[in-house]
């Protein structure tokens with residue numbers, strides 16, 4: 001049980017608004033707000049990946065919905081989880097138990113999202129996962145209330161390891177952040193390296209928020225591996241990549257491979273340092289007319305900055321959840337969740353993707369390559385290499401640990 005003092009401190013640290021009154025039937029009839037909570041890192045190493053940009057993505061959906069569902073306005077709450085599981089769990093419990101939040105959009109560190117998933121399951125509230133990558137979220141800890149719109153630690157390595165090995169990089173070394181997300185990336189990556197005829201020469205880890213990667217990079221360089229996989233994200237990824245170049249990793253003929261890094265990380269480092277790097281993504285702002293249209297609306301809400309896939313997922317997840325609420329006439333997750341799984345996800349970014357019983361949105365992913373001419377800070381960083389079908393991207397149902405996918 002969380003200590004009361006810790007709970008109060010955690011909520012204050014998250015900047016959570018004061019509790020609001022519970023909504024009764026009379027208040028609902030008069031158009032009391034439907035509340036959506038956005039929980040993620042607003043100020044730390046993942047703030048550029050998620051943060052205020054995730055709130056902006058959610059608000060694009062709210063605006064397209066006319067700001068309401070039925071006769072009830074939509075209210076978006078947001079909190080900073082500080083990358084701390086106790087803070088994230090306390091915020092989620094406060095929202096669900098006292099503030100009348102009906103769905104949580106979560107792009108927290110996987111350790112936090114796994115805890116929030118348990119809370120949402122116990123309370124029959126929808127969890128819309130937009131940037132938390134642990135494969136356990138649709139695997140051993142899957143939930144009927146959880147919906148994975150995001151890339152995960154299976155799809156990311158799967159997409160990039162095989163083509164890198166085909167290009168000649170047979171020997172590998174993995175540098176991973178030391179918590180659920182990075183450990184899962186490391187383990188899944190090791191499996192794909194072996195499955196594609198490669199050899200893993202070694203691994204090393206680092207704590208979240210590390211600023212000095214000298215030890216890890218020296219190990220990777222001395223291993224002689226042809227490919228060094230970066231199993232991390234956010235500012236960790238950017239700092240690791242920059243320091244790899246300072247240590248002469250690529251200049252010495254070794255190749256950096258990103259297992260999940262995207263537009264924000266590469267913009268921070270600069271295309272000159274990432275040129276030719278292959279990445280996997282479920283969204284890119286310049287992919288088609290739908291993505292460009294969404295991006296224009298997003299940029300108007302987020303200071304002209306371009307969206308990444310996590311922030312785009314905020315849009316798609318809220319659009320789909322809101323339509324299920326409208327169709328069922330209730331916010332009760334026990335009724336909304338089945339309606340979400342029964343209807344294809346269709347919006348400006350996703351064209352009719354089914355949702356599997358484990359909560360995985362069966363959307364395609366895109367293999368992209370960093371353009372060599374991209375300048376630091378530029379947004380037009382990727383060229384499209386290939387489109388991978390849902391079946392090529394996500395873990396096959398027969399390999400899943402999710403009980404919902406097991407034969408009865």
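The values are calculated or read from the model by the stated rules, or taken from the named source; none is laboratory data. None of these values were measured; they are calculated from a predicted model. With ideal geometry, Cβ positions are generated from the backbone for all residues, glycine too; neighbour counts draw on all protein chains shown.
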*Among (1) outside any helix (DSSP H, G or I); (2) at pLDDT below 50; (3) out of contact with any helix residue (DSSP H, G or I) (no Cβ under 7 Å at 6 or more places or on another chain), where does residue 35 come up short?*
(2)
*Restrict the check to the range 49-61 and report whether at least one residue is at pLDDT 95 or above, on the phi > 0 side of the Ramachandran plot and within 23 Å of the chain's Cα centre (by Cα).*
yes
*Could you tell me whether the range 289-300 includes any residue that is crowded, with 22+ Cβ neighbours inside 10 Å and in contact with a strand residue (DSSP E or B) (Cβ under 7 Å, 6 or more places away or on another chain)?*
no
*Within the range 344-357, is there a residue that is within 25 Å of residue 257 (Cβ to Cβ) and in contact (Cβ under 8 Å) with a residue 60 or more places away in the chain?*
no
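So that you can scan it fast, the table gives a plain yes or no per residue for (1) surrounded by fewer than 21 Cβ atoms within 10 Å (Cβ to Cβ); (2) touching a strand residue (DSSP E or B) at 6+ places or on another chain (Cβ under 9 Å):
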{"position": "336", "(1), (2)": "no, yes"}
{"position": "343", "(1), (2)": "yes, yes"}
{"position": "354", "(1), (2)": "yes, yes"}
{"position": "362", "(1), (2)": "yes, yes"}
{"position": "370", "(1), (2)": "no, yes"}
{"position": "383", "(1), (2)": "yes, yes"}
{"position": "398", "(1), (2)": "yes, no"}
*asked:* Quick check on residue 405: is it surrounded by 15 or more Cβ atoms within 10 Å (Cβ to Cβ) and within 30 Å of residue 299 (Cβ to Cβ)?
replied: no
*Checking residue 275 against (1) at pLDDT below 90; (2) out of contact with any strand residue (DSSP E or B) (no Cβ under 7 Å at 6 or more places or on another chain), the condition it does not meet*: (2)
*Quickly run through the range 200-255 and pick out the residues that are more than 27 Å from the chain's Cα centre (by Cα) and part of a loop (DSSP other than H, G, I, E, B).*
224, 225, 226, 247, 248, 249, 250, 251, 252, 253, 254
*Of the residues in the range 318-328, how many are without any contact (Cβ under 8 Å) to a residue 60 or more places away in the chain and more than 21 Å from residue 130 (Cα to Cα)?*
2
*Within the range 398-408, which residues are closer than 25 Å to residue 352 by Cβ and either assigned to a loop (DSSP other than H, G, I, E, B) or assigned by TED's automatic domain parsing to the domain that holds residue 136 (or both)?*
400, 402
*For residue 273, all conditions in the list (1) farther than 17 Å from residue 50 by Cα; (2) out of contact with any helix residue (DSSP H, G or I) (no Cβ under 6 Å at 6 or more places or on another chain); (3) part of a helix (DSSP H, G or I) hold save one; what is the number of the exception?*
(2)
